[in-house]
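One structure is given here, and the rest of the page talks about it.
Bear in mind these aren't lab numbers, they're just calculated from the coordinates by the rules spelled out. Since the model is a prediction, treat every value here as computed from it, not as a measurement. Please note: Cβ atoms are built from the backbone with ideal geometry, for glycine as well, and neighbour counts cover all protein chains shown.
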Amino acid sequence: MTFLRRRALANMFIEVGHPAAHADEAFEVFFAARNRVELYGEVAASLERLRGRYRLFALSNGNADLKRCGIAHLFEGHVTAIEAGAAKPDVRIFAHLLKRAGVEARRLRLTSDSKGLSTRTAAISSASRGAGRRCRP
């Protein structure tokens, strides 16, 4: 998404007669705003409690920067679609997470804002055996 956003911004600047280089500055404004988040009520405290019992990783198709969001300290790691070379629900991103965490798929518990993914941990077990397939909700 980052590449596409930068490219779209550059094209827009060019179309109106401005240098494409302005896209970098415009993207930084967008990215700073995108990472300015306000957590709901007990989210931070809940993540702190979970972190005390479990190893927490963030898995994202987006380009959020957990440090800039102010929540990196709550997670052991963060895997992005760009880094993994695949986006959810493709199992390759889950395989990348499993490798990074050094755990077997059967030990993974997933919480997601995507309907179906949060209850599909059994389907993710295929991530440890193959790649290129999709977990379908």
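Figure the gain on full extension for LEU4 and VAL29 (residue separation times 0.36 nm, minus the Cα-Cα span) and round it to one decimal in nm.
Using 0.36 nm per residue and subtracting the Cα-Cα distance, I get 7.4 nm.
On full extension of the chain, what length is gained from ARG100 through SER46, given 0.36 nm per residue of separation minus the C-alpha to C-alpha distance?
In short, 17.1 nm is gained.
Would you mind ranking THR2, THR80 by Cβ crowding within 10 Å, fewest neighbours first?
By the 10 Å Cβ count, ascending: THR2, THR80.
Expected output is a single nm value to one decimal: the length gained when fully extending between ASN11 and GLU83, i.e. 0.36 nm times separation in residues minus the C-alpha distance. What is it?
23.4 nm
Need one number: nm distance between label points at ARG109 and GLU38, each 7 Å from Cα along Cα→Cβ, rounded to one decimal.
Result for the modelled spin labels: 3.0 nm.
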